[in-house]
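Take a look at the structure set out below.
The values are calculated or read from the model by the stated rules, or taken from the named source; none is laboratory data. Since the structure is predicted, the reported quantities are computational estimates derived from the model, not experimental observations. We place every Cβ from the backbone using ideal geometry, glycine too, and count neighbours over all the protein chains shown. The area values use the complete protein model at the heavy-atom level, side chains included, leaving out ligands, DNA and RNA. Shrake-Rupley method; radii C 1.70, N 1.55, O 1.52, S 1.80 Å.
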Amino acid sequence: MTSVPKRDHLLPPLLRDLFPARQVAGMVGEVILRVQHVLDTEIAPAAAAHDRAGGYPHQAMAALKATGILALAVPCAWGGLGMAQGLSLELMLRIAVADPAVAQIYKVHDDLVREIFVYSPPDLRQRLAHRITHDHAILGMAVAENGRTADGFLQTLARPCPDGTHFLSGRKIYATGASGADLIAVSSFDPVRAQRLGSVRAGVRMDLVPRDAPGLVFHHDWDRMGQRATDSGTVTLEDVRVTDQWNALDPDAVLPQHVSLRFQAGFSAILTGIGIGALRKVCTFVPERARPWGAAGVDSADQDPYVRRLLGEIGADLSAAYCSVMQSGTMLELYESGQASRNAVAMAASAARSVATRAALRAASDAPAAAGARGTDKVNGLDRYWRDARTLSLHDPVDWKNAEIGRHLLTGWEPEPGPYQ
C-alpha cells in the first residue's frame, strides 16, 4: 500500500530571524496555518479593544473554531489530529502574541482534552470526540474554589439521588473560559460514595456540564487588571443535575502524573508569547514614530545604540524563554513515550516557568522605554502587555519553581505529583 506523503507548511516568523519561520506538516500543519491567518487578520487587530471591553471574546473564539483548532488535541484514535505537545505549546505561544486572553481560553480546552481522554470511560470519549470534532464544542473549566489554600477542591458537593443522578451545589472561582464554553468541566465531591468506599478519591467527580444547564450561573465578575477578556469570574451551581454518562472521571482509572506539569508549560508559553508581542509592537513603533535622543547624534531612534542594546537584551531573554518552553514540550513527549522520568519533566517545566516569567515581565515593562513618552498614548495599548504578563505570572508563585529546582540540585529531591508541581 502506498502511503500519502505529508505536505509541509511554513509558519511565518514571529519576529525576524530571532524567532524564525517554523515548518509543520500534514493536516495538523494545515490547521495551524489557518489559525495563524485568523490570528493575523482578525484576532490581533482586535486584541486591544477586547482588553478595554473585557468579557468573553465570542467573535475571536468563533473565528478560531472555524479553523478546526479544537480537534487538534483529540487523539487520532478518537478521530482527532493528535497534535504533539511541542506543537501545542508553539500554538499557545503564537495565540498569546496576538491576544493572551484568547490563548488562555484555548489552553484550558487543550489541557482538558488531553487529560480527559486519559482517565475517562471509553463511551464518554466517543461522545466527547464527536462533540469536539463534529460540533466544534469547546471545553471550559470550573474547578478552583475559594478555600483556605489554593489547592483545595472539595467544597462543591455532589448529592446523590435515588435515580442515580447527582445534584451539584457550590461556588467556583477563576472559571476561565466557562462562560463561553459548550461543555464545562466541573469538579465536585460525593461524600456518601467516599464514605461507603472508604476513599476520598472515590468521591471525586469531574462532570462535563452544558453551559445552559439549569442552576448553572455565570456572574461575569472578573475585574482584574489583566487577562480581562478571559471572563475568568465566579460560577455558582444551584442543584445542577448531572448523570454518570458525562462524569469524565472513571473511578477506576489511573490518573496521569504529568497534568500539572503540562499546565505549567502552557502558562510559560503564554507568558513568552506576551513578551514577544510587546517586543514586536515596540520594534514596529520605534523606527516609525519614536524620536531619537539628542545626545545620540543619530537621525532616527532605531539607530540609537542604547535602544538597540535594550531591545537586543530583551530579545535574547525571550529567545531563551522560547527555547525553554520548547524543551518542556520535548520532555513531555518523551515522558509520554516512556523515555523520560517525571522529575525530568518537572525540572524542565519549572525552568521554563522561571525563565518565561522574568523575560515576559521585563519585555512588557522595559521595552516601552525604547518608544519614549509618546509610546504611552492609549491608542498604542502598550500597557496591556505588562498587565497581562503580571496577572498571569501570579497564577502561582514562580519563587516556588525556583526553590524546587534548587532543592533538586542540592539534594536530588524530586517533587511529588500535585496540583502545582
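On the basis of being open to solvent by 20 Å² or more (accessible area, probe 1.4 Å) and over 24 Å from residue 326 (Cα atoms), does residue 391 make the cut?
no
Taking the residues in the range 246-271 that are open to solvent by 10 Å² or more (accessible area, probe 1.4 Å), hydrophobic (A, V, I, L, M, F, W, C) and in contact with an Asp or Glu (Cβ under 8 Å, 6 or more places away or on another chain) as candidates, determine which candidate is farthest from residue 372 (Cα to Cα).
Looking at the filtered set, the residue picked out is 246.
When you go through 224, 159 one by one, which is the residue that is of a type in the set (D, E, K, R) and more than 25 Å from residue 389 (Cα to Cα)?
Being of a type in the set (D, E, K, R) and more than 25 Å from residue 389 (Cα to Cα) holds for just one of 224, 159, which is 159.
Every residue in the range 67-78 that is among the aliphatic types (A, V, I, L, M), closer than 13 Å to residue 129 by Cα and either touching an Asp or Glu at 6+ places or on another chain (Cβ under 9 Å) or part of a helix (DSSP H, G or I) (or both), please.
70, 71, 72, 73, 77
May I ask you to list the residues in the range 219-245 that are surrounded by 19 or more Cβ atoms within 10 Å (Cβ to Cβ) and among the hydrophobic types (A, V, I, L, M, F, W, C)?
Hits for the range 219-245 are 222, 229, 235, 237, 240, 242.
So which of 149, 176 is of a type outside the set (Phe, Trp, Tyr), open to solvent by less than 30 Å² (accessible area, probe 1.4 Å) and part of a loop (DSSP other than H, G, I, E, B)?
176
For the range 331-421, list the helices (runs of 4 or more DSSP H) that sit wholly inside it and hold at least 3 residues that are without any contact (Cβ under 8 Å) to a residue 24 or more places away in the chain; which are they?
It comes to 398-411.
Conditions tested, residue by residue: (1) under 23 Å from residue 47 (Cβ atoms); (2) out of contact with any Ser or Thr (no Cβ under 6 Å at 6 or more places or on another chain); (3) β-branched (Val, Ile, Thr).
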{"site": "349", "(1), (2), (3)": "no, no, no"}
{"site": "355", "(1), (2), (3)": "no, no, yes"}
{"site": "362", "(1), (2), (3)": "yes, yes, no"}
{"site": "370", "(1), (2), (3)": "yes, yes, no"}
{"site": "385", "(1), (2), (3)": "yes, yes, no"}
{"site": "391", "(1), (2), (3)": "yes, yes, yes"}
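What residue, of 64, 81, 89, is at pLDDT 95 or above, of a type outside the set (Lys, Arg) and assigned to a loop (DSSP other than H, G, I, E, B)?
Within the list 64, 81, 89, the selection yields 81.
Quick grid of which residues meet (1) under 17 Å from residue 169 (Cβ atoms); (2) outside any loop (DSSP other than H, G, I, E, B); (3) among the charged types (D, E, K, R):
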site	(1), (2), (3)
222	no, no, no
226	no, no, no
229	no, yes, no
236	yes, yes, no
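If you go through the range 329-349, how many residues are within 30 Å of residue 310 (Cα to Cα) and open to solvent by less than 10 Å² (accessible area, probe 1.4 Å)?
2
Do we have any residue at all in the range 272-282 that's assigned to a helix (DSSP H, G or I), in contact with a helix residue (DSSP H, G or I) (Cβ under 9 Å, 6 or more places away or on another chain), at pLDDT 95 or above and open to solvent by 10 Å² or more (accessible area, probe 1.4 Å)?
yes
When both residues are 6+ apart or on different chains and their Cβ atoms are under 6 Å apart, which pairs have a first residue that lies in the range 229-253 and is of a type in the set (Phe, Trp, Tyr), and a second that is in a strand (DSSP E or B) and modelled with pLDDT of 95 or more?
Here the result reads 246/207; 246/208, each pair linking the range 229-253 to a residue that is in a strand (DSSP E or B) and modelled with pLDDT of 95 or more.
Please find, within the range 27-40, the residue that is surrounded by the fewest Cβ atoms within 10 Å (Cβ to Cβ) out of those that are in contact (Cβ under 8 Å) with a residue 40 or more places away in the chain and of a type outside the set (A, V, I, L, M).
Within the range 27-40, the match that is surrounded by the fewest Cβ atoms within 10 Å (Cβ to Cβ) is 40.
From the residues in the range 336-387 that are of a type in the set (Gly, Ala, Ser) and in contact with a Pro (Cβ under 6 Å, 6 or more places away or on another chain), which one is nearest to residue 50 (Cα to Cα)?
375
Looking at (1) within 30 Å of residue 58 (Cα to Cα); (2) surrounded by fewer than 20 Cβ atoms within 10 Å (Cβ to Cβ); (3) among the charged types (D, E, K, R); (4) touching a residue at least 12 places away in the same chain (Cβ under 8 Å), can you tell me which one residue 205 breaks?
(2)
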